[in-house]
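Peer 1: To start, I am sharing the structure in question, which I have written as structure tokens.
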Amino acid sequence: MIKQRTIKQSVKETGIGLHKGRKVTMTMRPAPANTGIVFRRMDLSPPQNIHARAQSVGDTMLCTCITNEEGHSIHTVEHLASALSGLGIDNIIVEVDSHELPIMDGSASPFIFLLQSAGIQELDAPKKFIKITKTVRVEEDDKWAEFRPYDGFKVNFKIDFDHPAISQTRQHVELDFSKDSYVDEVSRARTFGFMKDLELMNSMNLALGGSMDNAVALDEYRVLNPEGLRYSDEFLKHKILDAVGDLYLGGNSLIGELVAYKTGHGLNNKLLNAILKDTNAWEYVEYEDESRMPIRYIEPALAF
């Protein structure tokens with residue numbers, strides 16, 4: 001039986017919040033089976049739980065934000081959600097003393113490191129997957145995304161940026177996560193942004209924590225980071241990283257093929273809600289035979 005996962009022990013980290021530029025302390029704790037992903041605002045009295053659910057997503061400007069019924073929010077959850085998806089972790093409590101998660105280095109890699117350091121624990125409960133049985137598509141202007149039936153988890157992704165530094169890199173890729181490793185192929189891709197946009201956002205009291213320590217920065221012509229890119233197609237890979245995280249807010253790993261063109265946080269969430277709303281387009285599945293694992297996850301024993 002393919003089992004649900006959590007972490008073996010708690011792990012703590014401190015970083016900078018992207019939008020307010022303030023120190024944020026985050027503690028990730030193990031959780032029982034069927035808990036799901038729960039963010040806990042420790043800066044509020046009493047502390048507030050915010051469950052990762054597709055319908056809880058509100059603001060998608062610059063990040064993905066989820067809100068509970070009392071109106072309390074947590075921002076910038078997509079990179080951690082992406083790491084949790086990539087490691088197949090179903091249940092976890094994430095305590096934070098702020099309204100946003102630390103941005104870390106702008107990728108999912110630091111979260112992968114923390115989760116693996118905590119260890120991965122299998123629970124005595126079956127892992128449920130959402131298997132796509134009928135194509136679901138959403139569109140916004142010239143952007144679109146759809147999920148098609150496929151026996152695994154595959155992404156067929158294309159971006160289109162009219163910028164010299166991006167246009168000369170690969171802007172279309174197919175990855176099959178039943179074979180390709182999320183950790184190796186995607187997790188290290190950093191968010192990226194343009195200096196002219198950063199200056200505007202700072203004037204609006206946004207992205208105050210943004211820097212070349214946590215993003216790939218571009219001027220009108222080139223990448224400004226002295227170390228360059230981590231992947232030759234890092235811009236494309238980060239968009240995939242975001243999509244994996246946004247789609248994991250449904251609470252289960254999806255089995256199917258994501259085909260997307262110029263998608264972002266808002267459209268990712270629109271697709272997820274469209275899938276969940278159309279109950280004829282998917283079904284819950286479990287796997288008794290681990291050799292039929294539809295998505296490649298790291299073995300728990302290999303977490304350090």
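Peer 1: Taking the range 215-249 as the search range and keeping residues that are open to solvent by 20 Å² or more (accessible area, probe 1.4 Å) and not in a loop (DSSP other than H, G, I, E, B), which one is nearest to I103 (Cα to Cα)?
Peer 2: It comes out as K239.
Peer 1: With respect to I166, determine if the residue is β-branched (V, I, T), open to solvent by less than 70 Å² (accessible area, probe 1.4 Å) and modelled with pLDDT of 95 or more.
Peer 2: On the way: β-branched (V, I, T): yes; open to solvent by less than 70 Å² (accessible area, probe 1.4 Å): yes; modelled with pLDDT of 95 or more: no.
It is false that I166 is β-branched (V, I, T), open to solvent by less than 70 Å² (accessible area, probe 1.4 Å) and modelled with pLDDT of 95 or more.
Peer 1: Of all residues being in contact with a helix residue (DSSP H, G or I) (Cβ under 8 Å, 6 or more places away or on another chain), assigned to a helix (DSSP H, G or I) and closer than 24 Å to K128 by Cβ in the range 250-273, which is most open to solvent (accessible area, probe 1.4 Å)? Just the residue, please.
Peer 2: N273
Peer 1: For the range 143-163, which residues satisfy the criterion of being over 28 Å from S291 (Cα atoms), part of a loop (DSSP other than H, G, I, E, B) and open to solvent by 20 Å² or more (accessible area, probe 1.4 Å)?
Peer 2: Once the filter is applied, which keeps residues that are over 28 Å from S291 (Cα atoms), part of a loop (DSSP other than H, G, I, E, B) and open to solvent by 20 Å² or more (accessible area, probe 1.4 Å), the range 143-163 yields D160, F161, D162.
Peer 1: Just checking, does the range 179-188 include any residue being surrounded by fewer than 18 Cβ atoms within 10 Å (Cβ to Cβ), acidic (D, E) and without any contact (Cβ under 8 Å) to a residue 12 or more places away in the chain?
Peer 2: Yes, some residue in the range 179-188 is surrounded by fewer than 18 Cβ atoms within 10 Å (Cβ to Cβ), acidic (D, E) and without any contact (Cβ under 8 Å) to a residue 12 or more places away in the chain.
Peer 1: OK, next. Does I37 count as at pLDDT 95 or above and under 17 Å from the mean Cα position of the chain (by Cα)?
Peer 2: Details: at pLDDT 95 or above: yes; under 17 Å from the mean Cα position of the chain (by Cα): yes.
For I37, the condition - at pLDDT 95 or above and under 17 Å from the mean Cα position of the chain (by Cα) - is met.
Peer 1: Here's something else I'd like to know. When the residues of the range 32-58 are narrowed to those that are of a type in the set (A, V, I, L, M), farther than 21 Å from D246 by Cβ and in contact (Cβ under 8 Å) with a residue 40 or more places away in the chain, which ends up most open to solvent (accessible area, probe 1.4 Å)?
Peer 2: For the range 32-58, the residue satisfying everything is M42.
Peer 1: Still on this structure, I have one more. Write out, first by first residue and then by second, each pair whose Cβ atoms fall under 7 Å of each other, whose residues are 6+ apart or on separate chains, and whose first residue, in the range 70-81, is farther than 11 Å from L241 by Cβ while the second is of a type in the set (K, R) and outside any helix (DSSP H, G or I).
Peer 2: H72/R41; I74/R41
The values are calculated or read from the model by the stated rules, or taken from the named source; none is laboratory data. Predicted model only: the values in this text are computed from it and were never measured. Cβ sites come from the backbone with ideal geometry, for glycine too, and all protein chains shown count toward neighbours. Only protein heavy atoms, including side chains, enter the accessible area calculation; ligands, DNA and RNA are left aside. Shrake-Rupley method; radii C 1.70, N 1.55, O 1.52, S 1.80 Å.
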